[in-house]
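A.B. asks: Quick one: the structure is below, and I'll ask about it shortly.
The values are calculated or read from the model by the stated rules, or taken from the named source; none is laboratory data. Remember, predicted model here, so these are calculated numbers, not experimental data. Methodologically, a virtual Cβ is constructed for each residue, glycine included, from the backbone with ideal geometry; neighbour enumeration extends over all protein chains shown. Ligands, DNA and RNA are stripped out before the accessible areas are found, and what is left, the full protein with its side chains, is counted by its heavy atoms. Shrake-Rupley method; radii C 1.70, N 1.55, O 1.52, S 1.80 Å.
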Amino acid sequence: MSGFEIVVLWSDMIIWLLVASGVAGAVAIARNPPLLAAWRRVGANRVGMAAATLLLAFILIGLLDSLHYRVQLEGKPGQKAVYAIEVLSVLDALLTPLRTRNEKTYSEPFATRLYAKETIDLPGGQTIRDYPRLKHGGVHLGEREDEVLADAGFSAFRAGVLAFFGWLALAASAAALVKRSALQNVADDASGWQKIWRGETAFAWNAALITLGVMLLVGVPLFWLAGKYHVFGTDKVGQDVLYQVLKSVRTGLIIGLVTTLVMLPVAVLLGIVAGYFRGWIDDVIQYIYTVLSSIPGVLLIAAAVLMMQVIIDSNPQWFSTAAERADLRLLALCFILGITSWTGLCRLLRGETLKLRELEYIQAAQAFGVSNWRIIVRHILPNLMHIVIIALVMDFSGLVLAEAVLSYVGIGVDPTMISFGTMINSARMELGREPVVWWSLVAAFAAMFMLVLAANLFADAVRDAFDPRAA
C-alpha cells in the first residue's frame with residue numbers, strides 16, 4: 001500500500017462547514033458586545049465549563065472520524081491505481097490496534113480467554129471442553145494469566161503518572177496565561193495558580209482544568225491498557241467494544257447537529273411569520289404544525305425511513321462504497337427527524353413574537369413606514385435569539401437519544417454503521433444468554449450518558465446566561 005485516496009462524504013462536508021460556521025460565529029460574537037457579555041457569563045459558569053470540556057473531547061473524536069480515505073492496493077508497476085473498497089478515517093488509523101485485533105467471539109473486559117467453552121483438540125487426537133485463549137487480549141503475559149490484575153494495575157499507574165505530568169504542564173500554561181492577563185492590575189500580586197483555584201478568573205479555569213485532569217487520568221491509562229487488553233471486552237464477532245464506542249460518537253454528533261440545522265430555519269421562519277403577520281397566515285402555519293404534532297412521531301419517522309430505504313435499495317449505482325450508502329441513510333434520517341421535530345420551537349417562537357410585536361418600539365417602526373421584513377430582521381429576530389440558542393443546545397441531547405431509540409427498533413441508521421443505537425440493539429439479544437453478556441450494553445449506555453449529560457449541563461449554562469428572566 002503506497003498511497004491513499006481522500007474520500008469526502010456528504011456528512012463530512014456538513015461537519016466541516018459547521019466548524020467553519022462556528023469559527024465565523026465566534027468572530028461575530030467577539031465584535032458584538034451584548035453577545036460577548038452573554039458568552040462570558042457562560043464561560044464563568046463552572047458546571048457549564050466542566051461540561052464543555054467533556055463535550056470538546058467528544059467533538060474532537062467526531063472530527064477525527066470525519067476525515068476519510070481509501071488505501072491504495074498493491075499492483076503491478078505502471079498499472080492504474082486501485083483502491084480498497086473499505087473507507088477508513090483518521091480515527092481508524094489512530095485506533096488500528098483496536099480495529100484489527102479481533103477475537104473469535106465474546107470475551108469479558110480484561111479477559112485472557114473467550115467467554116464460552118469450545119472443543120479444543122489436543123496432541124494425540126484427544127479433545128477437551130475449555131475456554132480458548134484469546135489471540136490478542138493479554139497475550140503478552142504468556143502463561144502468567146493469573147497476573148492480569150497486577151500487570152493492569154502497574155500499567156495503569158505508570159500511564160496515570162504520565163497523564164498527571166501532562167496535566168501539570170497544561171495547568172502551568174493556563175496559570176501563566178492568567179498571570180499575564182492580570183499584569184494590567186498592578187495592585188494584584190496573586191499568582192496565576194492562586195487566582196485559578198480561588199475562582200477569581202473571568203473564565204472558570206478551575207472547573208475546566210479539574211475536568212481535564214479527570215479525563216486524562218482516566219483516558220490515558222484506558223488507552224494504554226487497550227494496547228494489551230480488551231478493556232471493554234469484545235462483541236459477538238470479536239470486535240473491540242471500546243472501538244465501537246468511539247466510532248459511535250460521530251454518529252451521535254451528526255444526528256444532534258445536522259438535525260438541528262435542518263429543523264432550525266423552518267421553525268424560526270414559520271414561528272416569526274405566524275406571530276408577526278397573524279391572520280390567515282397564522283392559521284395556515286398553526287394548521288400545519290398541529291397536524292404534524294397529531295401524528296405519532298415514531299410512525300411518521302418509520303414510514304419516511306422505510307420509503308427512503310426503498311429508494312436507496314432501488315438505486316445501488318449511486319454508491320461506489322458501503323460507506324456512501326450508510327452516509328446517505330444517516331443524512332436522510334437527520335432530514336426526517338428535522339422536518340418532524342420543528343413544531344415545538346415554532347410554537348414557542350410564535351408566542352414570543354405575538355408579544356414582541358405589541359411593544360412600543362415595534363409599533364413606532366411600523367408608524368414610520370419601516371418594511372415588515374426589515375422589522376423582523378432588525379428587531380424581532382435579535383430578541384428571539386436567546387430562545388433559539390437555548391433550544392438548539394437543549395434539543396441536541398434529545399436527538400442523540402432519539403437515534404438510539406430508532407436504531408433499537410430497526411428504523412435508525414444503516415446496520416453497517418456503528419452507533420449507540422445499533423450497539424444497544426445488538427446487546428439486547430446478548431442479555432438472554434447464559435451467562436449474560438453485559439459489557440457491550442453497559443459501555444454504550446455509559447458513553448451515551450456522558451455525552452447527553454454534558455450536553456444538558458452545558459445547555460443549562462447557556463440558558464442561565466441568555467434567558468433574561470434568569471438574570
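A.B. asks: From the list LEU349, LEU384, LEU345, LEU328, exactly one residue is of a type outside the set (S, T, N, Q), modelled with pLDDT of 80 or more, open to solvent by less than 20 Å² (accessible area, probe 1.4 Å) and within 24 Å of the chain's Cα centre (by Cα). Which is it?
C.D. replies: Numbers: LEU349 fails: within 24 Å of the chain's Cα centre (by Cα); LEU384 fails: within 24 Å of the chain's Cα centre (by Cα); LEU328 fails: open to solvent by less than 20 Å² (accessible area, probe 1.4 Å).
When all the criteria are applied, what remains is LEU345.
A.B. asks: Hey, another quick one. Please enumerate the residues belonging to region 29-49 that are surrounded by fewer than 12 Cβ atoms within 10 Å (Cβ to Cβ) and within 30 Å of LEU331 (Cα to Cα).
C.D. replies: Start the filter on region 29-49 by keeping residues that are surrounded by fewer than 12 Cβ atoms within 10 Å (Cβ to Cβ), which leaves 30-31, 33-34, 37.
None; the set is empty.
A.B. asks: Considering only residues that are of a type outside the set (A, V, I, L, M) and open to solvent by 50 Å² or more (accessible area, probe 1.4 Å), which ones fall in region 62-81? Please lay out each step first, then the result.
C.D. replies: Taking region 62-81 and keeping what is of a type outside the set (A, V, I, L, M), we get 62, 65-66, 68-70, 72, 74-80.
Matches in region 62-81: GLU74, GLY75, LYS76, PRO77, GLY78, GLN79, LYS80.
A.B. asks: Something else: Out of (1) within 28 Å of ASN383 (Cα to Cα); (2) buried (at least 24 other Cβ atoms within 10 Å of the Cβ), the odd one out for ASP282 is which?
C.D. replies: (2)
A.B. asks: So which residues in region 82-93 are modelled with pLDDT of 85 or more and either small (Gly, Ala, Ser) or surrounded by 15 or more Cβ atoms within 10 Å (Cβ to Cβ) (or both)?
C.D. replies: Hits for region 82-93 are VAL87, LEU88, SER89, LEU91, ASP92, ALA93.
A.B. asks: Would you call ALA365 small (Gly, Ala, Ser), open to solvent by less than 60 Å² (accessible area, probe 1.4 Å) and under 18 Å from GLU403 (Cβ atoms)? Don't jump to the end; show me each part of the working.
C.D. replies: On the way: small (Gly, Ala, Ser): yes; open to solvent by less than 60 Å² (accessible area, probe 1.4 Å): yes; under 18 Å from GLU403 (Cβ atoms): no.
No; evaluated as a whole, the condition is false for this residue.
A.B. asks: Now for a separate question. Can you confirm whether ASN425 is in contact (Cβ under 8 Å) with a residue 12 or more places away in the chain and closer than 15 Å to ASP235 by Cβ?
C.D. replies: yes
A.B. asks: Would you pick out the residues in region 409-435 that are open to solvent by 80 Å² or more (accessible area, probe 1.4 Å) and under 15 Å from LEU306 (Cα atoms)?
C.D. replies: VAL409, PRO415
A.B. asks: Further, regarding this structure: Among the residues in region 210-218, are any of a type in the set (A, V, I, L, M, F, W, C), over 30 Å from GLU147 (Cβ atoms) and touching a helix residue (DSSP H, G or I) at 6+ places or on another chain (Cβ under 9 Å)? Give the steps one after another, and end with the answer.
C.D. replies: Of region 210-218, the ones of a type in the set (A, V, I, L, M, F, W, C) are 210, 212, 214-218.
Okay, now just the ones that are also over 30 Å from GLU147 (Cβ atoms), so 210, 212.
So of that shortlist, the ones also touching a helix residue (DSSP H, G or I) at 6+ places or on another chain (Cβ under 9 Å) come out as 210, 212.
Within region 210-218, one or more residues are of a type in the set (A, V, I, L, M, F, W, C), over 30 Å from GLU147 (Cβ atoms) and touching a helix residue (DSSP H, G or I) at 6+ places or on another chain (Cβ under 9 Å).
A.B. asks: Please work out if SER181 is surrounded by 11 or more Cβ atoms within 10 Å (Cβ to Cβ), of a type in the set (S, T, N, Q), within 32 Å of the chain's Cα centre (by Cα) and assigned to a helix (DSSP H, G or I).
C.D. replies: no
A.B. asks: Go through region 233-278 and count every residue that is assigned to a helix (DSSP H, G or I) and closer than 21 Å to LEU91 by Cα. Working first, answer last.
C.D. replies: First, the residues of region 233-278 that are assigned to a helix (DSSP H, G or I): 241-277.
Still in the list and also closer than 21 Å to LEU91 by Cα: 241-258.
Going through region 233-278 one residue at a time, the tally reaches 18.
A.B. asks: Something else now. Inspect all residues belonging to region 278-293 and state whether any of them is among the polar types (S, T, N, Q) and over 29 Å from ILE362 (Cβ atoms). Walk me through how you get there before you give the answer.
C.D. replies: Residues of region 278-293 that are among the polar types (S, T, N, Q), as a first pass: 286, 290, 293.
Checking which are over 29 Å from ILE362 (Cβ atoms) leaves us with none.
Checked region 278-293: no residue is among the polar types (S, T, N, Q) and over 29 Å from ILE362 (Cβ atoms).
A.B. asks: Take the residues of region 227-253 that are at pLDDT below 90 and among the hydrophobic types (A, V, I, L, M, F, W, C): which is surrounded by the fewest Cβ atoms within 10 Å (Cβ to Cβ)?
C.D. replies: Step by step, filter region 227-253, then rank; the result is VAL237.
A.B. asks: Since THR290 meets every condition but one in (1) polar (S, T, N, Q); (2) buried (at least 17 other Cβ atoms within 10 Å of the Cβ); (3) more than 29 Å from the chain's Cα centre (by Cα), which condition does it not meet?
C.D. replies: (2)
A.B. asks: For region 307-322, does any single residue satisfy the condition of being crowded, with 19+ Cβ neighbours inside 10 Å, in a helix (DSSP H, G or I) and either free of Cβ contacts under 8 Å to residues at least 60 places away in the same chain or of a type outside the set (D, E, K, R) (or both)?
C.D. replies: no
A.B. asks: Right, next: Can you find a residue in region 265-282 that is over 29 Å from ALA455 (Cα atoms) and hydroxyl-bearing (Ser, Thr, Tyr)? Steps first, please.
C.D. replies: Going residue by residue through region 265-282, those that are over 29 Å from ALA455 (Cα atoms) are 273-282.
Pick out the ones that are also hydroxyl-bearing (Ser, Thr, Tyr) and you get 276.
Yes, some residue in region 265-282 is over 29 Å from ALA455 (Cα atoms) and hydroxyl-bearing (Ser, Thr, Tyr).
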